[in-house]
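Peer 1: This is the structure, below, for whatever I ask next.
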Amino acid sequence: MVVNIERLFSRKAKTLRASEIRELLKITQIPDMISFGGGLPNPSAFPIDIVHDCIEKVFKSDIKNAMQYGSTEGLNTLRGALAKRMKTKKNINCELHDIIITTGAQQALFLSAFCFLDTGDTYLSSVPTYLGAVQAFSAFEANCESIPMTEDDIDIDSLRRNLERLHRTGINPKFLYTVSNFQNPSGETLSLSHRKELLDIASEYDFLIIEDDPYGELIFEGESIPPIKSFDTKGRVIYISTFSKILAPGFRLGWVIASKDIIDKLVLAKQAADLCTNIFSQYVAYEYINGGYLNKQVLEIKKLYKRKRDIMIKAINKYFPKEISYNIPKGGMFIWITLPKNVNTNLMLQKAIAEKIAYVPGDAFYPDGGNYNSIRLNFSFSEDETIIKGVHRLSEVIKKEIKLKYNNGPVIQEGV
Ligand SMILES: Cc1ncc(COP(=O)(O)O)c(C=O)c1O
């Protein structure tokens, strides 16, 4: 008998959908294609020789344990080293027992969703936001209340209005999700005052904050702003970070800092998910921190990415038409471009791919959709020359699209 597999899938599994954009971007692997679409670190930022040395140390010191199952919480030496680093670098007051090591930040998001979201629950997220978080939260059939950004920061007035409205209808959001530094996709950073205000609002309305911070270390200029977690004295913030951008994503190592009650629950959820994070990776990452390599490598990565950002900005200034606007991110891996209102960047992507240039349309970063005139460009991955070539190619596609739209009628102005 032929299996009717659809009938057997769980309700949650049935809600999982492949992202059209991800599918489309798969074809970007064809030769000569330039892709600013993926959010990949540059392979030359991987500390290959250092990792080699670290692995040798693991082989010499404790290889048998490095090949054994580990504890669900994570390797104690690594947790201790992270606690120390988070105190000195981020001003987060935490001890070893406040930390769990996860299989990347992505698992931390998924486990947090598992622990806090029931079907029909509501969470808040500033938009545009990280697609992977929306995917993790949607898997638990939760509703997202999107909070817009102002020019460069979360719109606090809109957040308050939304909370009042939800409150009147008896809805109490479980948490607010935010990427505090050099956001994926917008490149923006929450201001200090808004970080503090978010925590006050979370306390007033009694919800948690999930602060996702994969890019905070990749700061090119200005002062680092302390994370929301550093002001949290009541255990209201779940802080998530990762080795993906400061070592290599292939290690699949992330971590969570949260109150004991939350960590205990995450540990149980993780036991059910994968027992423990790759223990060999954890040993290597510990040597990477303990040997003093991490700080040096972060300096190298920042230098590399700053150069790439500058090259991309210079090329944008040179080639893009005057109708577009963009931000200059002070760190991270992404530039957010806004096109005239009547350009649909979802539709334009097909044309761009035909010209062998790819990007991610902004709409993909809005859980409710509806933002059609923006795009995210990644500057960390491509070679310097390729960045210039790619921006040039894309500028031609954009110019053609704008011209086409002008010929088809006037530009629709904001608010119309
Ligand atoms: C904002 C954000 N959070 C989480 C992740 C997932 O990171 P990881 O590789 O640690 O799972 C990413 C990956 O790009 C990201 O941009």
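Peer 1: Can you report the number of residues in region 191-226 which are more than 16 Å from the ligand (Cβ to nearest atom), in a strand (DSSP E or B) and under 21 Å from residue 82 (Cα atoms)?
Peer 2: Qualifying residue count for the region: 0.
Peer 1: Of (1) modelled with pLDDT of 95 or more; (2) away from the ligand (no atom under 16 Å from the Cβ), residue 342 satisfies all except one. Which?
Peer 2: Condition (1) is where residue 342 drops out.
Peer 1: Against the condition among the small types (Gly, Ala, Ser), farther than 18 Å from residue 262 by Cβ, away from the ligand (no atom under 16 Å from the Cβ) and surrounded by 20 or more Cβ atoms within 10 Å (Cβ to Cβ), how does residue 70 come out, does it pass?
Peer 2: Against the criterion (among the small types (Gly, Ala, Ser), farther than 18 Å from residue 262 by Cβ, away from the ligand (no atom under 16 Å from the Cβ) and surrounded by 20 or more Cβ atoms within 10 Å (Cβ to Cβ)), residue 70 qualifies.
Peer 1: Could you tell me which residue of region 142-153 is least open to solvent (accessible area, probe 1.4 Å), considering only residues that are within 27 Å of residue 115 (Cβ to Cβ) and in contact with a helix residue (DSSP H, G or I) (Cβ under 6 Å, 6 or more places away or on another chain)?
Peer 2: Among residues in region 142-153 that are within 27 Å of residue 115 (Cβ to Cβ) and in contact with a helix residue (DSSP H, G or I) (Cβ under 6 Å, 6 or more places away or on another chain), the one least open to solvent (accessible area, probe 1.4 Å) is 147.
Peer 1: Now, a different point. Quick one: which residue in 10, 112 is open to solvent by 30 Å² or more (accessible area, probe 1.4 Å), out of contact with any Pro (no Cβ under 7 Å at 6 or more places or on another chain) and of a type in the set (Gly, Ala, Ser)?
Peer 2: 10
Peer 1: For the structure I just gave you, tell me whether residue 54 is more than 16 Å from the ligand (Cβ to nearest atom), open to solvent by less than 80 Å² (accessible area, probe 1.4 Å) and assigned to a loop (DSSP other than H, G, I, E, B).
Peer 2: No; evaluated as a whole, the condition is false for this residue.
Peer 1: Residue check, residue 1 against (1) within 28 Å of the chain's Cα centre (by Cα); (2) outside any helix (DSSP H, G or I), all met but one. Which one?
Peer 2: Result: residue 1 fails condition (1) only.
Peer 1: May I ask you to verify whether residue 304 is within 16 Å of the ligand (Cβ to nearest atom), within 22 Å of the chain's Cα centre (by Cα) and either part of a helix (DSSP H, G or I) or under 18 Å from residue 85 (Cα atoms) (or both)?
Peer 2: Numbers: within 16 Å of the ligand (Cβ to nearest atom): no; within 22 Å of the chain's Cα centre (by Cα): yes; either part of a helix (DSSP H, G or I) or under 18 Å from residue 85 (Cα atoms) (or both): yes.
In short, no.
Peer 1: Just one of 139, 105 is open to solvent by 10 Å² or more (accessible area, probe 1.4 Å), under 19 Å from residue 263 (Cα atoms) and not β-branched (Val, Ile, Thr); which is it? If you could, list the steps in order and put the result at the bottom.
Peer 2: Details: 139 fails: under 19 Å from residue 263 (Cα atoms).
Unique residue meeting the criteria: 105.
Peer 1: Let me ask you something else. Tell me, which residue of region 91-102 that is more than 12 Å from the ligand (Cβ to nearest atom) and of a type in the set (S, T, N, Q) is most open to solvent (accessible area, probe 1.4 Å)?
Peer 2: If we take residues in region 91-102 being more than 12 Å from the ligand (Cβ to nearest atom) and of a type in the set (S, T, N, Q), then 93 is most open to solvent (accessible area, probe 1.4 Å).
Peer 1: Still on this structure, please answer the following. In region 320-337, what residues are assigned to a strand (DSSP E or B) and open to solvent by less than 50 Å² (accessible area, probe 1.4 Å)?
Peer 2: Selection gives 331, 334, 335, 336, 337.
Peer 1: So residue 229 ticks every box in (1) within 18 Å of residue 106 (Cβ to Cβ); (2) within 16 Å of the ligand (Cβ to nearest atom) but one. Which box is left unticked?
Peer 2: Residue 229 satisfies every listed condition except (1).
Peer 1: In region 284-303, is there at least one residue being touching a residue at least 12 places away in the same chain (Cβ under 8 Å), open to solvent by 10 Å² or more (accessible area, probe 1.4 Å) and touching a strand residue (DSSP E or B) at 6+ places or on another chain (Cβ under 9 Å)?
Peer 2: Yes, the conditions are met somewhere in region 284-303.
Peer 1: Moving on to the next point. Inspect all residues belonging to region 239-261 and state whether any of them is crowded, with 18+ Cβ neighbours inside 10 Å, without any contact (Cβ under 8 Å) to a residue 40 or more places away in the chain, more than 16 Å from the ligand (Cβ to nearest atom) and among the charged types (D, E, K, R).
Peer 2: There is no residue in region 239-261 that is crowded, with 18+ Cβ neighbours inside 10 Å, without any contact (Cβ under 8 Å) to a residue 40 or more places away in the chain, more than 16 Å from the ligand (Cβ to nearest atom) and among the charged types (D, E, K, R).
This table checks each residue for (1) assigned to a loop (DSSP other than H, G, I, E, B); (2) more than 15 Å from the ligand (Cβ to nearest atom).
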residue: 140; (1), (2): yes, yes
residue: 148; (1), (2): no, yes
residue: 151; (1), (2): yes, yes
residue: 157; (1), (2): no, yes
residue: 167; (1), (2): no, yes
residue: 173; (1), (2): yes, yes
residue: 188; (1), (2): yes, no
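Peer 1: Of all residues in region 192-233, how many are open to solvent by 10 Å² or more (accessible area, probe 1.4 Å), of a type in the set (Val, Ile, Thr) and within 21 Å of the chain's Cα centre (by Cα)?
Peer 2: The number of residues fulfilling the criteria is 2.
Peer 1: Could you say which residue among 357, 324, 328 is over 24 Å from residue 132 (Cα atoms), over 17 Å from the mean Cα position of the chain (by Cα) and either modelled with pLDDT of 95 or more or aromatic (Phe, Trp, Tyr) (or both)? Can you show your working first?
Peer 2: On the way: 357 fails: over 24 Å from residue 132 (Cα atoms); 328 fails: over 24 Å from residue 132 (Cα atoms).
It is 324.
The values are calculated or read from the model by the stated rules, or taken from the named source; none is laboratory data. Computed from a predicted structure; not experimentally measured. Methodologically, a virtual Cβ is constructed for each residue, glycine included, from the backbone with ideal geometry; neighbour enumeration extends over all protein chains shown. Ligands, DNA and RNA are excluded from the accessible area calculation, which covers all protein heavy atoms including side chains. Shrake-Rupley method; radii C 1.70, N 1.55, O 1.52, S 1.80 Å.
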